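The values are calculated or read from the model by the stated rules, or taken from the named source; none is laboratory data. What you see is a predicted model; the values in this text were computed from it and never measured. Neighbour counts are summed over all protein chains in view; Cβ atoms, including those assigned to glycine, are modelled from backbone coordinates with ideal geometry. Accessible surface areas use protein heavy atoms only, side chains included; no ligands, DNA or RNA. Shrake-Rupley method; radii C 1.70, N 1.55, O 1.52, S 1.80 Å.
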Amino acid sequence: GRTPSAAGALAGRRVLVTSGPTHEPIDPVRYLANRSSGRQGHAIAAAAAAAGASVTLVSGPVAIPDPIGVTTVRVETAREMLAAVEAALPADIAIFAAAVGDWRPATERESKIKKDGEAPAPLALVENPDILATVAGLAQGRPPLVVGFAAETDNVLDHARKKIAKKGCDLIVANDVSPAGGVMGGSRNTVHLIARDGSVETWPTLDKDEVARRLVAHLAGLVAG
Ligand code: CTP
Ligand code: CA
């Protein structure tokens, strides 16, 4: 069935959502990225707005339109995403659906790397800031409800349970992104909701829009109770 948009369930609440991939520049024409389309995060932002929330969406580079009724801030890199997230706080609920690049090239070359017959030097990488862990760990101004995603290709529940503890968030939405499932870039998603106590709620495979509406209804229930 189709979950209604729970009109008014988040009235007066501020919701922050991250979505999409990040682009980590190598030189002026090249970057490191991933297969995230932004569809799940954008759908969550739209569903939260439909439920009456005041929504800020911080999005990496995506090919889909900005959701209606949402303040969208576009960024490219993980570090820009962190800065935009910090600028968008405070929030009652923060949902981290972005596929943030874990690493970036250690240096961004100012001019295009040329093909000169030699093999290029190996690309040195450094770790990006963890936006979810940073916000979940805020001593002041931590949103009361911090929701992470876990993109896994194997042992989905085991990895996701470890992630909730490591990140310090309140809830993890785990999805199987192994290529056979077609989740990355596709329109459907199979998710498991994992709470801090380790309990798991598995939903059937649904359109990302339906996953978004159900998640918003679930979160509205948590902030109300
Ligand atoms: N995340 C983030 N900032 C990062 C990396 C991840 O905010 N630099 C967030 C994602 O938006 C997601 C959660 O952390 O909500 C988990 O992301 P995931 O890539 O599954 O986990 P990682 O901790 O990066 O571990 P790994 O990629 O090794 O599985
Ligand atoms: Ca990662």
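Within the accessible area of segment 41-188, the carbon and sulfur atoms contribute 53%, probe 1.4 Å, all protein chains present. Ranked by the mean number of other Cβ atoms within 10 Å of their residues, highest first, the peptides 114-126, 169-181 fall in the order 169-181, 114-126. Only DSSP H runs of four or more residues enter the estimate; each adds -39500 (n - 2.57), and after division by the residues of the chain the mean residue ellipticity at 222 nm equals -8000 deg cm²/dmol.
Taken over the chain, the convex hull of the Cα atoms encloses 138 Å³ per residue. Derived value for segment 172-225: Kirkwood hydrodynamic radius 11.9 Å. Basis is the mean of 1/r over every pair of different alpha-carbon atoms. Near the amide H of T72, within less than 5 Å, lie the amide hydrogens of L57, all on another chain or at least 5 residues away, with H placed in the peptide plane.
For A165, the shell of other residues with beta-carbons less than 13 Å away shows a net charge of +3, using +1 for Lys and Arg and -1 for Asp and Glu.
Segment 123-188 and segment 26-52 have Cα centres spaced 14 Å apart.
Other residues whose C-beta falls under 15 angstrom from the C-beta of D66 contribute a net charge of +2, scoring Lys and Arg +1 and Asp and Glu -1. What per residue convex hull volume, in Å³, comes out for segment 1-109 when only alpha-carbon positions are used? Hull volume normalised by residue count: 103 Å³. Note on L89 and V200: the model spin-label points, each 7 Å out from Cα along the C-beta direction, lie 3.1 nm apart.
The convex hull built on the alpha-carbon positions of segment 119-225 has an orientation-averaged projected area of 9.4 nm². Across segment 14-75, C-alpha contacts under 8 Å between residues 6 or more apart give a mean separation that, scaled by the residue count, equals a relative contact order of 38 percent.
In a simple Cβ point-charge model (Lys, Arg +1; Asp, Glu -1; nothing else charged), the chain has a dipole of about 320 debye relative to its Cα centre. What number of lysine-lysine pairs in the chain show an alpha-carbon separation below 27 angstrom, given a sequence spacing of 8 or more or placement on distinct chains? Number of lysine pairs found: 4. Highest average first, the peptides 141-154, 49-62 ordered by how many other beta carbon atoms sit within 10 Å of their residues are 49-62, 141-154. Using the 1.4 Å probe convention, the accessible area of the chain works out to 50 Å² per residue with neighbouring protein chains retained.
Using the alpha-carbon atoms, what tilt in degrees (0 to 90, nearest 10) does helix 208-224 show relative to the longest principal axis of the chain? Between the helix axis and the principal axis of the chain, the angle is about 60 degrees.
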